[in-house]
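Enquirer: Shown below is the structure under consideration.
The values are calculated or read from the model by the stated rules, or taken from the named source; none is laboratory data. Predicted model, so just to flag it, every value in this text is computed and none were measured. So basically every Cβ, Gly included, is an ideal-geometry build from the backbone, and we count neighbours across all protein chains shown. Ligands, DNA and RNA are stripped out before the accessible areas are found, and what is left, the full protein with its side chains, is counted by its heavy atoms. Shrake-Rupley method; radii C 1.70, N 1.55, O 1.52, S 1.80 Å.
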Amino acid sequence: MNGGFPSCVPKPVESKPGTCWAMGDPHYYTFDGRRYDFMGTCTYVISKKCAADGHLPDFEVLAQNENRGSLRVSYVALVTVKVYGYDITVGRTEKGRVRIDNSLWRLPITLNMDKLTMIQSGRSVVIQTDFGLTVKYDWEHSLVVTLSSNYAGKTCGLCGNFNGNMKDDFATPSGSQASNAVEFGGSWKVPGLVKDDNCRDDCVGGCESCEHDIMKIWEGDAFCGLVTLVLNGPFSKCHEVIDPQAYLENCKYDICMGGGLRQFLCRALETYMDACQSAGVEVHDWRKIAKCRK
């Protein structure tokens with residue numbers, strides 16, 4: 001009110017939340033935008049509140065990876081969210097359901113006086129809290145964590161410290177910077193878990209890589225290049241909102257590691273589509289162009 005009359009005032013600008021993901025086999029992208037590949041098959045801390053701040057609720061997101069076929073690549077197979085005193089576990093083989101304190105529940109679920117909700121959206125489970133944490137997992141290979149900017153600079157784990165500087169995202173629990181992804185990922189392994197008795201932090205027989213010439217093939221507009229295609233590109237409207245470059249690199253690597261099978265291309269394109277649609281951006285029909293089934 002101004003002088004007894006209602007008046008318009010500028011809406012406060014809210015800081016943008018952070019988004020971190022593990023996708024494919026598996027590629028990681030931190031809150032601060034650092035992209036890296038890590039093939040460990042143990043259980044790791046994806047993100048948790050590390051700073052001593054009594055005003056912000058504690059949370060912890062863990063993920064266990066597994067080999068599927070090849071021992072040189074791995075995928076997210078089990079996601080655990082610890083919040084408000086609950087242990088919520090989502091397993092790849094239990095679609096449409098979650099385990100809460102080891103009891104199997106069907107979605108949707110609301111707990112803790114509506115402060116914690118779990119629903120199925122499309123092919124994914126979405127776990128959401130009232131303080132700005134959202135964990136989305138598709139029971140297959142894609143894990144996305146979105147976190148309120150209130151936690152900026154107060155997190156740790158494979159998603160980094162959320163301080164706006166990607167160069168220091170390889171911080172280990174001791175605070176030192178790891179020299180590579182294997183050392184960094186291994187430092188966030190959750191110790192003492194029986195299910196991880198035979199797990200590894202690196203690839204069995206060495207991690208595979210693709211030759212440059214082969215990667216160039218998958219960069220074409222008929223394949224992964226659809227992600228970055230501007231002229232009549234099905235995702236072109238999304239480019240300003242979500243940088244497609246990391247998704248392009250992930251797509252090329254995954255289809256190359258998959259021996260050129262179209263299912264890897266379709267899965268990679270679907271991942272970018274999900275990100276775009278979650279951001280409210282319209283995506284044109286890409287399945288027909290890429291020859292992907294619904």
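Enquirer: Take the residues in segment 78-88 that are under 15 Å from VAL145 (Cα atoms) and open to solvent by 30 Å² or more (accessible area, probe 1.4 Å); name whichever of them is modelled with the highest pLDDT. Before you say what the answer is, go through the steps one by one.
Expert: At the first step, the residues of segment 78-88 found to be under 15 Å from VAL145 (Cα atoms) are 78-83, 88.
Then keep just the ones that are open to solvent by 30 Å² or more (accessible area, probe 1.4 Å); that gives 78, 82.
Numbers: LEU78: 94, LYS82: 98.
Applying the filter and picking the extreme gives LYS82.
Enquirer: Take the residues in segment 185-241 that are of a type in the set (Asp, Glu), closer than 30 Å to GLU60 by Cα and open to solvent by 40 Å² or more (accessible area, probe 1.4 Å); name whichever of them is modelled with the lowest pLDDT.
Expert: So the first thing to find is which residues in segment 185-241 are of a type in the set (Asp, Glu), and the list is 196-197, 201-202, 208, 211, 213, 219, 221, 240.
Restricting the remaining residues to those that are closer than 30 Å to GLU60 by Cα gives 196-197, 201-202.
Retained after the next criterion (residues that are open to solvent by 40 Å² or more (accessible area, probe 1.4 Å)): 197, 202.
Numbers: ASP197: 75, ASP202: 81.
Among them, the one singled out is ASP197.
Enquirer: Can we say PHE131 is in contact (Cβ under 8 Å) with a residue 24 or more places away in the chain, farther than 21 Å from THR43 by Cα, outside any strand (DSSP E or B) and open to solvent by less than 40 Å² (accessible area, probe 1.4 Å)? Working first, answer last.
Expert: Values: in contact (Cβ under 8 Å) with a residue 24 or more places away in the chain: yes; farther than 21 Å from THR43 by Cα: yes; outside any strand (DSSP E or B): yes; open to solvent by less than 40 Å² (accessible area, probe 1.4 Å): yes.
Here the answer is yes, as PHE131 does meet what is asked.
Enquirer: Right, next: Is it the case that segment 136-145 has a residue that's at pLDDT below 95 and surrounded by fewer than 19 Cβ atoms within 10 Å (Cβ to Cβ)?
Expert: Scanning segment 136-145 turns up at least one residue that is at pLDDT below 95 and surrounded by fewer than 19 Cβ atoms within 10 Å (Cβ to Cβ).
Enquirer: Exposed (fewer than 14 other Cβ atoms within 10 Å of the Cβ) and under 28 Å from SER124 (Cβ atoms): which single residue out of LEU269, LEU261 fits that description?
Expert: LEU261
Enquirer: Would it be correct to say that GLY54 is within 23 Å of MET257 (Cβ to Cβ), part of a loop (DSSP other than H, G, I, E, B) and at pLDDT below 95? Before the answer, list the steps.
Expert: Details: within 23 Å of MET257 (Cβ to Cβ): no; part of a loop (DSSP other than H, G, I, E, B): yes; at pLDDT below 95: yes.
The answer is no for GLY54.
Enquirer: Filter segment 272-289 down to residues that are among the charged types (D, E, K, R) and touching a residue at least 40 places away in the same chain (Cβ under 8 Å) and give me whichever is least open to solvent (accessible area, probe 1.4 Å).
Expert: Looking only at segment 272-289, we keep the residues that are among the charged types (D, E, K, R), and these are 274, 282, 285, 287-288.
Checking which are touching a residue at least 40 places away in the same chain (Cβ under 8 Å) leaves us with 274, 282, 285.
Values: ASP274: 60, GLU282: 106, ASP285: 95 Å².
My answer is ASP274.
Enquirer: Count, please, the residues in segment 104-128 that happen to be in a strand (DSSP E or B) and touching a residue at least 24 places away in the same chain (Cβ under 8 Å). So that I can check it myself, show each step before the final result.
Expert: Narrowing segment 104-128 to residues in a strand (DSSP E or B): 104-106, 109-111, 116-121, 124-128.
Right, trim to touching a residue at least 24 places away in the same chain (Cβ under 8 Å) and you get 111, 116, 118, 120, 124-125, 127.
So the answer is 7.
Enquirer: Still on this model: Does segment 90-108 contain at least one residue that is of a type in the set (A, V, I, L, M, F, W, C), on the phi > 0 side of the Ramachandran plot and open to solvent by 30 Å² or more (accessible area, probe 1.4 Å)? It would help to see each step written out before you state the result.
Expert: Initially, segment 90-108 is screened for residues of a type in the set (A, V, I, L, M, F, W, C), giving 90, 98, 100, 104-105, 107.
Still in the list and also on the phi > 0 side of the Ramachandran plot: none.
Within segment 90-108, not a single residue is of a type in the set (A, V, I, L, M, F, W, C), on the phi > 0 side of the Ramachandran plot and open to solvent by 30 Å² or more (accessible area, probe 1.4 Å).
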